[in-house]
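Since the structure comes first, as structure tokens, the remarks are kept for the end.
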Amino acid sequence: MSTVNKQLAAICVLFCSLKAMAQIPTGIVQEQWTSQQQVQTIDTAYANESAVVLLEKKRVEFFDEKDDLVLYKTFHRRVHINDDKGIESYNRVYLPVSNNDDIVDIRARTILPNGRIILVDKKNIKDLKEDDQLYKIFAMEGLEKGCEVEFYYTYKANISFFGKEVLQGPFPVLDAQLELVAPDRLVFETKIYNGEGTTTDTIYNGKRFIHVQVKQIAGAQDEKYASLKYNMKRVEYRLSYNKSKSASERLFTWNELAKRAYAAYTNYTDKEMKKVDGLIKSNKWASNGNAEQTVVAIEHYLKKNISTREDIDADEAASLEFIIKNKIASHRGIMRLYGAIFNKLGITHEFVMCGSREDYTVDKTFENWANCDNELIYFPTLKKYMAPTLLEMRYPFINPLWTNTLGIFCKGTTIGNFTTAIADIHTIAGEDFTKNSSNIEAKVKLNASLDTLVVSSRQLLSGYSAVNYRAMFNFSSEDYQKQMLKEMVKFGTNSEHVISSKILNREMENYQENKPFILDVVVNASELVERAGNKILVKIGEIIGPQAEMYQEKPRQFDMDVAYPHALVRTIEFEIPEGYRVKNLNDLVISRVHRDGDRTTMGFESSYKQEGNVIKIRVVEEYRDVQYPLEWYDEFRKVINAAADFNKVTLVLEKG
């Protein structure tokens, strides 16, 4: 939840006075106001910005408290306000907390252009609870153009030796800092992502101080075909050495993670394996000589019969006896069950952990275990993946945002009588663009009165393009399915006048052969026909459905990401009514193709040919890569906009 620009509508708010805060522990670094007691002069380069963050400071402090190591975090921000939007963004401040008792200090003030300082009374700091998250909220008094807002708070956090702090936001940041403080026996490492800065590491009075600073950070906004979180400037940190144990033994390596994960997934009791044997025999999986068909059958059975939930922490939900009996499993439990079955059947497999291009991914050179929460199984002989924890996915398709990232592959190895795993780190490859399609086959003609377009359309979705639709038509309520069917019918016709509709290949088993999810519809679309005197206007371009357009006032900031490589092939056969001809057929011809050397990377091409009174239109749009570099933005935008241009094509029919 953002700390600025929050709306109070449609949320549950619990107002109460701020409870007495915990005492600031003796020995931790205590935050102070910035030294400037007056409003600062801002460079004219930022005159058009609604607000400018003068200081974005975060502190992560590991502290010895009696016999325990605890963690305190501090967040400190000072902002210069330029206009009404800036005032609106900071007239209320929202600070996330886990528990009132964990807060040890919280302060806020407004500095006015005339030099007056208004302190926020702690009695006016309230609680807000939303989606099980607690926030401290308070109003900043007296905000006006040219003023500055400053606030900071310190709280006790759950201990973790891995972390990340985002330094970028919607407004420019002139000075961003992260300070990591710890007993000098603990050696942390940091790394800056998506930017550059300076890092110092010093020891003073028995404490280690790591200071990271990044200056002149531009404001970041959501952009089409990019993940904001993935691209934000941030600092990640990890504990690498504990000198009280060993000054040379590196902690929390990828090999150590692979070893722990392998042990968690592959150690079974005799009772567990007896239950697994019974499951295999009852489903006759051992008698199937085809490994791929067996993998498919096992996944389909387990996802159909066993519920997998991430919010189950009980150890019993990881027990194979419990899972097989009660048909419910934790993520760890379901991974163990798949592993036990594959081990028993002799199907070679590897457990894989990875991140997501939607937020954070694995870095081979910086072992942040917090960036690989997603679980896969890889089959080396088949060279395919399975996502056991994702109900909507079926072999070989996994969450496409997990592909094109590095994965931690747990490769089993035996040393004497001891079996463990080492980390093999390489890219998780997704399915080829030819496997992922969203195609349309349409035949259209005008009705007898020439005021309605009769559209006979077939939508064919395969691969990743079919995932959401198959999930909706297998796991959603009947009412929701009806609503989604109505929306799909409107796609490409803009009409609800349905003559007939039929869905084919909705079953989840169709993924192995990649049979397309099919929607057949016949629609009377008067919305696609207009009259202009003696001319008939047919909105033929709308048959391919609404298209995204890319226009932005500010320069593009981030690389482009299309989620997964895919192709879209649309064929349209338009029957010209007797006595008419099409005046502007050349409007159907558009070509925007980008090549990297001899290789086509993306493109949009539309063409036509006329056979008698039938115009046969072919439209091919394809994105063969997952990601495109920023320097290709102009070409990428032209391809996207070419599809939008075709969508606007209207054929002009006149007598002749």
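The values are calculated or read from the model by the stated rules, or taken from the named source; none is laboratory data. These numbers were taken from a predicted model, which means no experiment stands behind them. Positions of Cβ are generated from backbone atoms using ideal geometry, with glycine treated the same way; all protein chains shown enter the neighbour counts. For accessibility, only protein heavy atoms count, side chains too; no ligands or nucleic acids. Shrake-Rupley method; radii C 1.70, N 1.55, O 1.52, S 1.80 Å.
Below are the figures for this structure:
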| read-out | value |
| --- | --- |
| Out of THR365, THR348, sole residue that is of a type in the set (Val, Ile, Thr), over 21 Å from the mean Cα position of the chain (by Cα), open to solvent by 40 Å² or more (accessible area, probe 1.4 Å) and closer than 30 Å to TYR241 by Cβ | THR365 |
| Residue in segment 429-441 that is touching a residue at least 40 places away in the same chain (Cβ under 8 Å), more than 30 Å from MET353 (Cβ to Cβ) and of a type in the set (A, V, I, L, M) present | yes |
| Residue count for segment 29-56, restricted to those that are in contact with a strand residue (DSSP E or B) (Cβ under 6 Å, 6 or more places away or on another chain), of a type in the set (Ser, Thr, Tyr) and either surrounded by fewer than 16 Cβ atoms within 10 Å (Cβ to Cβ) or within 30 Å of TYR155 (Cα to Cα) (or both) | 1 |
| Cβ pairs under 8 Å, 6+ apart, first in segment 310-337 and touching a residue at least 40 places away in the same chain (Cβ under 8 Å) and under 13 Å from LEU279 (Cα atoms), second open to solvent by less than 70 Å² (accessible area, probe 1.4 Å) and assigned to a strand (DSSP E or B) | LEU337/ALA329 |
| Search result, residues across segment 102-117 that are among the β-branched types (Val, Ile, Thr) and either open to solvent by 20 Å² or more (accessible area, probe 1.4 Å) or within 23 Å of TYR72 (Cβ to Cβ) (or both) | ILE103, VAL104, ILE106, ILE117 |
| Hits in segment 571-587 - residues which are over 15 Å from LYS609 (Cβ atoms) and assigned to a strand (DSSP E or B) | TYR580, ARG581 |
| Filtered residues of segment 94-143 (kept if under 30 Å from GLN38 (Cα atoms), of a type in the set (Asp, Glu) and in contact (Cβ under 8 Å) with a residue 24 or more places away in the chain) | ASP105, GLU141 |
| Contacts under 8 angstrom Cβ, first residue in segment 526-543 being in contact (Cβ under 8 Å) with a residue 40 or more places away in the chain, partner buried (at least 21 other Cβ atoms within 10 Å of the Cβ) and of a type in the set (Ser, Thr, Tyr), 6 or more apart | LEU528/THR493; GLU542/THR493; ILE543/SER457; ILE543/THR493 |
| Strands (runs of 3 or more DSSP E) wholly inside segment 397-457 that include at least 2 residues being modelled with pLDDT under 95 and of a type in the set (A, V, I, L, M, F, W, C) | 418-427 |
| In segment 124-152, the residues that are in contact with a Phe, Trp or Tyr (Cβ under 6 Å, 6 or more places away or on another chain) and in a strand (DSSP E or B) | LYS126, LEU128, TYR135, ILE137, VAL149 |
| Residues that are open to solvent by 20 Å² or more (accessible area, probe 1.4 Å) and either touching a Cys at 6+ places or on another chain (Cβ under 7 Å) or outside any helix (DSSP H, G or I) (or both), drawn from segment 631-651 | LYS648, THR650 |
| Identity of the residue in segment 600-630, in a strand (DSSP E or B) and basic (Lys, Arg), that ends up surrounded by the fewest Cβ atoms within 10 Å (Cβ to Cβ) | LYS609 |
| Scope segment 370-383; condition touching a residue at least 60 places away in the same chain (Cβ under 8 Å) and either open to solvent by 40 Å² or more (accessible area, probe 1.4 Å) or more than 20 Å from the chain's Cα centre (by Cα) (or both); matching residues | ALA370, PHE379, THR381, LEU382 |
| Strands (runs of 3 or more DSSP E) contained in segment 163-260 and holding at least 2 residues surrounded by 15 or more Cβ atoms within 10 Å (Cβ to Cβ) | 173-183, 186-193, 207-217, 234-242 |
| Residues being within 30 Å of the chain's Cα centre (by Cα), open to solvent by 10 Å² or more (accessible area, probe 1.4 Å) and not polar (S, T, N, Q) - total across segment 519-548 | 3 |
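Yes/no matrix, rows are residues, columns are (1) within 25 Å of PRO565 (Cβ to Cβ); (2) among the small types (Gly, Ala, Ser); (3) surrounded by fewer than 18 Cβ atoms within 10 Å (Cβ to Cβ):
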site	(1), (2), (3)
LEU460	yes, no, no
TYR480	no, no, yes
LYS486	no, no, yes
VAL489	no, no, no
